[in-house]
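This report refers to the structure that appears directly beneath it.
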Ligand code: TRH
């Protein structure tokens, strides 16, 4: 069997950065294992700062309507990220190429990450395409996840070595942060209602804290909170100093998580990166209209066997409970995350697994 395949990953950016972030990690991870990858994406804006130096083996193409296929070689494997509905003209071309290859092809539906139980039941299930240009083809549901019965998590083979070589002081200095031993907390969030309480808590001390605020929604939320509380200076109050960060590429985003003593993250990709960072974390889950995220959050807290203080903090941070934001109690949270990370490190990463799923012998 040919070990190098041509993968077409289709990504539609709905909002935020997660769609781009996950598809990019998958694309570059496959390329790093000797695969050829085409990433079709309808909005490259976030990719330009997240991954300014594309690795060899990944070709980024604009997902235009209609899609410009021209004389392109169609390729072997289709990845439909997060139910994005692949361009019908590409599906038609793919169906023809599968027929020409005697029925060989693989169409994967890459799903959202969840720790819920249905993931293990649904991972790998097959579904026939019932209409449209792909009629007669089959799709397979590929669920990332936290157990060996799922599709795994994105994790680069050199992650541990990179972490071991990371120099915190030098990195902070390069970012223009005059670190003096204060507690560092990174903040990547939407608009949590408890944000004001967090800022008050940090300002009250007794420990000096520097909050490293990511740009976009998190920075806007912090400024709005401070303005709402009548603060004219947005650079800190009491024991709290605030640093507003520039956008970082994905490698530097890891560095931010590694450099901090506590990480507030959001969405699904930064959650996984925060687990690998092995620092206490607080997750703001992406909110869904029907509140489906409540079960998803519970499942994750259950998976990590979160102590009560961490559950209570998550309830307040995600607005899933009524109580006020409890105090930060990070020592037990550290033990929780270290145990989870150790467990997950024993499992094959997503790229290893998806290559295996595709039946490629490597
Ligand atoms: O941006 P997000 O909130 O994305 C969300 C989630 O993925 C959610 O599940 C999805 O349904 C929704 O989008 C549409 O959070 P997430 O998933 O953590 O993605 C953030 C990405 O941005 C991640 O790859 C890290 C990257 N990033 C950087 O590379 N540099 C930065 O400076 C920042 C702030 C983020």
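Hey, could you check segment 70-119 for residues that are surrounded by fewer than 14 Cβ atoms within 10 Å (Cβ to Cβ), over 26 Å from the mean Cα position of the chain (by Cα) and in a loop (DSSP other than H, G, I, E, B) and say which is modelled with the highest pLDDT?
73
Please give the number of the condition residue 244 fails out of (1) more than 29 Å from residue 304 (Cα to Cα); (2) within 10 Å of the ligand (Cβ to nearest atom).
For residue 244, the failing item is (2).
Mind checking whether some residue in segment 14-29 is within 23 Å of residue 133 (Cα to Cα) and either within 16 Å of the ligand (Cβ to nearest atom) or surrounded by 15 or more Cβ atoms within 10 Å (Cβ to Cβ) (or both)?
No, every residue in segment 14-29 fails to be within 23 Å of residue 133 (Cα to Cα) and either within 16 Å of the ligand (Cβ to nearest atom) or surrounded by 15 or more Cβ atoms within 10 Å (Cβ to Cβ) (or both).
Of these, 12, 36, which one is within 23 Å of residue 156 (Cβ to Cβ) and at pLDDT 95 or above?
36
Considering segment 328-362 alone, what residues qualify as being at pLDDT 95 or above and over 23 Å from the mean Cα position of the chain (by Cα)?
If the condition is that a residue be at pLDDT 95 or above and over 23 Å from the mean Cα position of the chain (by Cα), then 328, 331, 332 are the ones that fit.
How about segment 187-213: which of its residues are in contact (Cβ under 8 Å) with a residue 40 or more places away in the chain, within 14 Å of the ligand (Cβ to nearest atom) and either buried (at least 19 other Cβ atoms within 10 Å of the Cβ) or assigned to a helix (DSSP H, G or I) (or both)?
If the condition is that a residue be in contact (Cβ under 8 Å) with a residue 40 or more places away in the chain, within 14 Å of the ligand (Cβ to nearest atom) and either buried (at least 19 other Cβ atoms within 10 Å of the Cβ) or assigned to a helix (DSSP H, G or I) (or both), then 187, 188, 189, 192, 212 are the ones that fit.
Give the residues of segment 40-58 that are crowded, with 23+ Cβ neighbours inside 10 Å and either more than 14 Å from the ligand (Cβ to nearest atom) or in contact (Cβ under 8 Å) with a residue 60 or more places away in the chain (or both), sorted by residue number.
The one that is crowded, with 23+ Cβ neighbours inside 10 Å and either more than 14 Å from the ligand (Cβ to nearest atom) or in contact (Cβ under 8 Å) with a residue 60 or more places away in the chain (or both): 40.
I'd like to know if segment 279-293 contains one or more residues that are within 16 Å of the chain's Cα centre (by Cα), within 21 Å of residue 167 (Cβ to Cβ) and either within 12 Å of the ligand (Cβ to nearest atom) or touching a residue at least 40 places away in the same chain (Cβ under 8 Å) (or both).
No.
For segment 237-249, does any single residue satisfy the condition of being in the same structural domain as residue 280 (by TED's automatic domain parsing), modelled with pLDDT under 95 and surrounded by 15 or more Cβ atoms within 10 Å (Cβ to Cβ)?
Looking through segment 237-249, at least one residue is in the same structural domain as residue 280 (by TED's automatic domain parsing), modelled with pLDDT under 95 and surrounded by 15 or more Cβ atoms within 10 Å (Cβ to Cβ).
With the structure loaded, tell me whether residue 15 is free of Cβ contacts under 8 Å to residues at least 12 places away in the same chain, over 18 Å from residue 352 (Cβ atoms) and part of a loop (DSSP other than H, G, I, E, B) or whether it fails that test.
yes
Here's the yes/no breakdown for (1) touching a helix residue (DSSP H, G or I) at 6+ places or on another chain (Cβ under 6 Å); (2) over 22 Å from residue 348 (Cα atoms); (3) assigned to a loop (DSSP other than H, G, I, E, B):
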| position | (1), (2), (3) |
| --- | --- |
| 133 | yes, yes, no |
| 136 | no, yes, yes |
| 141 | yes, no, no |
| 146 | yes, no, yes |
| 150 | yes, no, yes |
| 153 | yes, no, yes |
| 157 | no, no, yes |
| 161 | no, no, no |
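The values are calculated or read from the model by the stated rules, or taken from the named source; none is laboratory data. Since the model is a prediction, treat every value here as computed from it, not as a measurement. Every residue, glycine among them, receives a Cβ derived from its backbone with ideal geometry; neighbour counts consider all protein chains shown.
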